[in-house]
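To start, the structure under review is shown below, and the notes come after it.
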Number of protein chains: 2
Amino acid sequence: MEKYIYKCFDCGKVYSKDEIEKELIYLCPLCGTIEKNKPLRGILLIEYDYQAIRKNHRKEELMALKPGKFWQYEYLWPLESHDKTILQIDESQLDLISLSADCFQKLSYHGKEFHILDDTRNPTLSFKDRASSLVALKALQLGIKEIAAASTGNAGSSLAGICARLGLKSKVFVPRQIPEAKRIQIQSYGSELVLVDGDYDLAFDICLELSSAKRWYNRNTAYNPLTIEGKKWGAYDIFISAKGNIPGIIFVPTGDGVILTGLYKGFHELLELGWIDTLPRLIAVQASGGNAFVRYRQNGQFEYAPAVSIADSICAGAPRALYPANEALIRTSGDTAEVSDDEIYEAQKYVARNYGILIEPSSSAAFAAFTKFTETEKITNLSALVLFTGNGLKDIRALKNWNHDISPLRPDELKKKYGLE
Amino acid sequence: MEKYIYKCFDCGKVYSKDEIEKELIYLCPLCGTIEKNKPLRGILLIEYDYQAIRKNHRKEELMALKPGKFWQYEYLWPLESHDKTILQIDESQLDLISLSADCFQKLSYHGKEFHILDDTRNPTLSFKDRASSLVALKALQLGIKEIAAASTGNAGSSLAGICARLGLKSKVFVPRQIPEAKRIQIQSYGSELVLVDGDYDLAFDICLELSSAKRWYNRNTAYNPLTIEGKKWGAYDIFISAKGNIPGIIFVPTGDGVILTGLYKGFHELLELGWIDTLPRLIAVQASGGNAFVRYRQNGQFEYAPAVSIADSICAGAPRALYPANEALIRTSGDTAEVSDDEIYEAQKYVARNYGILIEPSSSAAFAAFTKFTETEKITNLSALVLFTGNGLKDIRALKNWNHDISPLRPDELKKKYGLE
């Protein structure tokens, strides 16, 4: 058997690596569809020869590694063991895309300990680097030097930064309304910024069309199977850091559902390998202004609605990975949670003040949901983990909301204020 | 002999730990002076019983550690081995102030390899965390819960973030003209922001006066000896990462001269211990608009001039640690270098585009100086190291300067642009 195959989530058809990769196919050729304001159909997921892995590797070997460097256990990634990518690339270039070995941290909330997976100190300060890194290494392996993606900001700046680190070119298609800070980050890394006169959907479509015509490797989220695969890295970093003792419940900021799908995939593989006994419950956390998952689970069918929230990186009117992400919720006895923008601000403030970590609103949403669960559901000590997926400094608009201007004081006024007359 | 003593840089008088720490003394009681627009006099430096350390520890033991966790070799730090700070503090809290184990990275410039010490992924994204962490642990040891500092931005947000991580309170005194992004970062961490109706010097003075009256521990840079001591951590991370094979020349962004003094102190200790044979040449890099060191070395005497540059974190009209930093240059056969704001922008752009690292202007200055040295002086392969002291995302004003707005294009225009008609 080959090291890995591609399998359609919807119709179950299996494809060899070459069928998919050589032709730069991303969705299932049989049933894949991209429709405006609808989730994708025909998302391909990668499967390995788990029996062979189980035979050749032991969990102790994986647990002995440092987190933050997925290429150390190449047998679980869609890169050839003996390919030129991993071997020809300089160790120091891989160091440049390493994540912190201390990404798994213990915090305490009202006397109860919990963990975070801290992706706020990644190369471009977000979880997206996990997907961008795998996609970029695959492009190197395929001998393609240009990668394109549509993005509302974070995925684009991640791709731009990771490409610059690995010597690749990137083209990022963004909607007209992109916030200035995000535009500047993408441009700074030397990416070719393509400002599309339209919304994210239009940017998505034209990016696909041009990628296909120009043979750029495409990193559109959920569409390229490696964006899901890359995000399973989070599950392995949790497994390695926790020495196999994985959390019981994980709060996941959820927009398109790609992190959710990727995390589940990682844990499911670990279960398949017999290296863990149970799956953690995954909680898909959304903002009230962008709650497509919540509504889908309630009504049993998808309905499009525009998404608007301060947590813009989880705003998806049509979550592209809705169906596989929903499967992740079903299989893990998971659930959805919804928080308001006010709760998001409060959580951002709480985390900054109590833990000294500036997180972006999507991560605050996950923390807010965790705090609500501690009130209503049984969360035992150290059973929960919250994903901190992005650094709050990437765009300080949310922080501005709850930090107000103050008036300057003269020394005599200050002395009076502090009781020194 | 006690584990460590304090020694005045200027008059050489020696003080016991208790004489200094119990009374919260910072400058030499005999000769210390703070004068407006002048460097400090009477800076205290810490000395250890190097003979005892040499007897009890071997360099192989130090080199076997992971970088980024200075408390692992407590014998080289002014914290009691058996004190309650290190022992009572939870390992997970120390993890929260750990730096990346991959902070020492190899890059290539025009075919020549060099190293960086990458502090852009620190807890608050700057080198200042090295000083703040040591100061905060000392405050915990002294049983003081409030730390105050005057700051133009970075030191303040670092102190605020590290204090939040360790459960301490911070008060940051800032000048009226502080940029909005820096103010928001300090406030976000829950620091008490004290906006002083005046400049940095006035903030420095009133912060000292109130700290003394209210018995807050003071973290004013250069003034508190632990700000210098904390920055020696950089030298040890280089030593550990390089397995003792330290670089020959180091480019140091220089404003007050505290990083320079601290780095030199670390390397000098390693020399004293016999764990390295020679000192690296230290290059104090300044912006043309704030070149007090350059002028001091040329004229042999200090003259105040206001400092203005895009590299605001190295703008010091009167470098507070001028005299010990100058000693560092003399003892290491070091030098100064001066770069223009245009060169700073160019370097920032080069680093972002070629290495995928967004650095702040002060770090770009150091990189710019390195590139100039490669043109005029002999820099052999792997002999140079550049300090990347801060993340460019903390304040994107400089990035804005060279990333301009672009016009949106419709799909038909994009197809035409890429030759798809």
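Residue-by-condition table, conditions (1) buried (at least 24 other Cβ atoms within 10 Å of the Cβ); (2) away from chain A (no Cβ under 14 Å); (3) at pLDDT 95 or above; (4) in a loop (DSSP other than H, G, I, E, B):
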site: B:GLU327; (1), (2), (3), (4): no, yes, yes, no
site: B:ALA337; (1), (2), (3), (4): no, yes, yes, no
site: B:GLU343; (1), (2), (3), (4): no, yes, yes, no
site: B:ARG353; (1), (2), (3), (4): no, no, yes, no
site: B:GLU375; (1), (2), (3), (4): no, yes, no, no
site: B:ILE379; (1), (2), (3), (4): no, yes, no, yes
Within the range A:299-310, is there a residue that is in a helix (DSSP H, G or I) and away from chain B (no Cβ under 14 Å)?
-> yes
What is the number of the single condition among (1) facing another protein chain (nearest Cβ under 8 Å); (2) outside any loop (DSSP other than H, G, I, E, B) that A:ILE406 does not meet?
-> (2)
Looking for whichever is farther than 20 Å from A:ASP118 by Cβ and in contact with a helix residue (DSSP H, G or I) (Cβ under 9 Å, 6 or more places away or on another chain) here; the options are B:LEU96, B:LEU125, B:LEU117. Which one fits?
-> B:LEU117
Go through the range B:164-208 and count every residue that is in contact with a Phe, Trp or Tyr (Cβ under 6 Å, 6 or more places away or on another chain), over 20 Å from B:ASN224 (Cα atoms) and more than 8 Å from chain A (Cβ to nearest Cβ).
-> 0
Out of all the residues in the range B:28-51, which are assigned to a loop (DSSP other than H, G, I, E, B), hydrophobic (A, V, I, L, M, F, W, C) and closer than 26 Å to B:PHE267 by Cα?
-> B:CYS28, B:LEU40
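Select from the range A:231-254 the residues that are out of contact with any strand residue (DSSP E or B) (no Cβ under 7 Å at 6 or more places or on another chain) and either part of a strand (DSSP E or B) or of a type outside the set (A, V, I, L, M, F, W, C) (or both) and list them in ascending order. Working first, answer last.
Of the range A:231-254, the ones out of contact with any strand residue (DSSP E or B) (no Cβ under 7 Å at 6 or more places or on another chain) are A:231-233, A:235-236, A:239-240, A:243-246.
Those that are out of contact with any strand residue (DSSP E or B) (no Cβ under 7 Å at 6 or more places or on another chain) and either part of a strand (DSSP E or B) or of a type outside the set (A, V, I, L, M, F, W, C) (or both): A:LYS231, A:LYS232, A:TYR236, A:LYS243, A:GLY244, A:ASN245.
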Within 11 Å of chain A (Cβ to nearest Cβ), surrounded by fewer than 24 Cβ atoms within 10 Å (Cβ to Cβ), touching a Pro at 6+ places or on another chain (Cβ under 8 Å) and farther than 30 Å from A:ILE89 by Cα: does that describe B:GLY161?
-> no
Counting just the residues of the range B:128-154 that are among the hydrophobic types (A, V, I, L, M, F, W, C), surrounded by fewer than 24 Cβ atoms within 10 Å (Cβ to Cβ) and in contact with a strand residue (DSSP E or B) (Cβ under 9 Å, 6 or more places away or on another chain), which one comes out modelled with the highest pLDDT?
-> B:ILE144
Looking at this structure, is A:VAL172 β-branched (Val, Ile, Thr), under 28 Å from A:GLU23 (Cβ atoms), surrounded by 21 or more Cβ atoms within 10 Å (Cβ to Cβ) and within 20 Å of the chain's Cα centre (by Cα)?
-> yes
Of B:PHE367, B:PHE302, which residue is in contact with a helix residue (DSSP H, G or I) (Cβ under 8 Å, 6 or more places away or on another chain) and farther than 21 Å from B:PHE127 by Cβ?
-> B:PHE302
A:ALA384 passes all but one of the listed conditions (1) touching a residue at least 60 places away in the same chain (Cβ under 8 Å); (2) within 14 Å of chain B (Cβ to nearest Cβ); the exception is number (2)
Scan the range A:134-158 for residues that are touching a residue at least 40 places away in the same chain (Cβ under 8 Å) and either within 11 Å of chain B (Cβ to nearest Cβ) or on the phi > 0 side of the Ramachandran plot (or both) and jot them down.
-> A:ALA148, A:GLY153, A:SER157
Candidates A:LEU40, A:LEU30, A:LEU96, filtered to the one that is in contact with a Lys or Arg (Cβ under 9 Å, 6 or more places away or on another chain) and free of Cβ contacts under 8 Å to residues at least 24 places away in the same chain | A:LEU30
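Taking the options A:ALA365, A:ALA369, A:ALA384, name whichever one is small (Gly, Ala, Ser) and out of contact with any Phe, Trp or Tyr (no Cβ under 7 Å at 6 or more places or on another chain).
Result: A:ALA365 is the single residue among A:ALA365, A:ALA369, A:ALA384 that is small (Gly, Ala, Ser) and out of contact with any Phe, Trp or Tyr (no Cβ under 7 Å at 6 or more places or on another chain).
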Residues in the range A:97-126 that are facing chain B (nearest Cβ under 8 Å) and among the hydroxyl-bearing types (Ser, Thr, Tyr): how many?
-> 3
By residue number, the members of the range A:174-213 that are in contact with a Gly (Cβ under 9 Å, 6 or more places away or on another chain), among the charged types (D, E, K, R) and assigned to a loop (DSSP other than H, G, I, E, B) are A:ARG176
Mind telling me which of the residues A:THR227, A:THR278 ends up being in contact with a helix residue (DSSP H, G or I) (Cβ under 9 Å, 6 or more places away or on another chain) and in a loop (DSSP other than H, G, I, E, B)?
-> A:THR278
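The values are calculated or read from the model by the stated rules, or taken from the named source; none is laboratory data. Predicted model only: the values in this text are computed from it and were never measured. Please note: Cβ atoms are built from the backbone with ideal geometry, for glycine as well, and neighbour counts cover all protein chains shown.
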